[in-house]
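Read the structure below first, then the notes.
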Amino acid sequence: MFDLYNTSYGNYASDAYRQVRIETYGQDFGQTSWVTTEESLEIPQLLDLKRDSVVLEIGCGSGGYALHLAGKVGCPIVGLDINESGIRNAQQLAEAAGLASRAHFELRDVSEKLSFDEATFDAVFSNDVLCHIPRRLDVLAEMFRVLKPGGRMLFSDALVIGGMISHEEIATRSSIGFYVYSPPEENERLMKQAGFCQIRSQDTTEHAARIAKKRHDAREKWKEELIAAEGKANFDGLQKFLSCVHILTSEKRLLRYLYLASKAAVG
Ligand SMILES: C[S@@+](CC[C@H](N)C(=O)[O-])C[C@H]1O[C@@H](n2cnc3c(N)ncnc32)[C@H](O)[C@@H]1O
């Protein structure tokens, strides 16, 4: 196994890791996902976020994007992640930005029941996280439960099977942790089963192909600094992982989808 999240969040403030994020995404939200900046900037409109919308982000990493929403839209937001360094960064960044009263971060394993009452949030979203969680239906049912009637949810899944993939490719693509691969249409079926309506999906495979290549090339440029921080074996392992993502997505053998759905309003 190679370590993507501890190395990214643990070295969050280092110049080399910041440069890699800027060269990969353009705008630095501390991302470790396949979300392009264009996609990030569309999320407030897709979720119909307003200043008073109460928002939950599942798998917020270092919290940069949640803080962007809290600052730009002005909405209160809670971010959850299982990674200690990620949550520590998020809390420190919230304090430093003067946003700690609006943006709150908790260390949580979201494969467990969420610690919020029913109908707490106006919007719930999750970028490239649900593929790491077992029992997708349970996670979607929890997202549905904590959402207010009339609320919106959004998530992305970069592990939808699109074609033939060898066992070596599956092993390399899975070399950073636990992953669940889905057949096409399965997320839509599970969202419906969890209770969601107005389900829409958008093929964003090209975003993953582009980001994987940019991240690979940016890391190659900062190789010396990254090897000093994360070690050569991990550096090489992550480069192989990123090349594999690029090949599988550019050949459309692995697809990434963005899903949007609602909880029906009452009455
Ligand atoms: C691909 S990263 C995406 C992070 C962020 N959403 C972004 O766009 O950069 C996946 C995130 O899911 C988190 N994660 C994985 N398993 C989790 C779990 N069981 N509970 C909470 N977070 C989890 C990881 O720590 C990581 O931050």
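General observations
- Gaussian network model of the chain, springs between alpha carbon atoms under 10 Å - residue of MET143, MET164, MET191 with greatest fluctuation: MET164
- Once exposed loop trypsin sites (Lys or Arg not before Pro) are cut out (DSSP; at most 15 other Cβ, 10 Å), longest piece of the chain: 136-251
- In this view, the solvent-accessible surface of SER53, computed with a 1.4 Å probe and all protein chains in place, comes to about 10 Å².
- Over all directions, the projected convex hull of the C-alpha atoms in the stretch 223-266 averages 5.7 nm² in area.
- Assigned charges on the beta-carbon of Lys, Arg, Asp, Glu; the chain dipole about Cα centre (debye): 340
- Toward the positive end of the charge dipole of the stretch 1-103, with +1 on the Cβ of Lys and Arg and -1 on the Cβ of Asp and Glu, the farthest Cα among VAL54, PHE29, PHE2 is that of VAL54.
- Farthest positive-ward along the chain dipole, Cα basis, beta-carbon charges - from SER111, GLY150, SER101: GLY150
- Heavy-atom SASA rank of ASP48, ASP128 (probe 1.4 Å, accessible area, largest first): ASP48, ASP128
- Value of relative contact order over the stretch 1-125, rounded to a whole percent, pairs C-alpha under 8 Å and six or more apart: 25
The values are calculated or read from the model by the stated rules, or taken from the named source; none is laboratory data. Since we're looking at a predicted model, the values are computed, not measured. Here Cβ is always computed from backbone atoms with ideal geometry, including for glycine, and neighbour counts include all displayed protein chains. Calculation scope for accessible area: heavy atoms of the full protein, side chains included, ligands and nucleic acids excluded. Shrake-Rupley method; radii C 1.70, N 1.55, O 1.52, S 1.80 Å.
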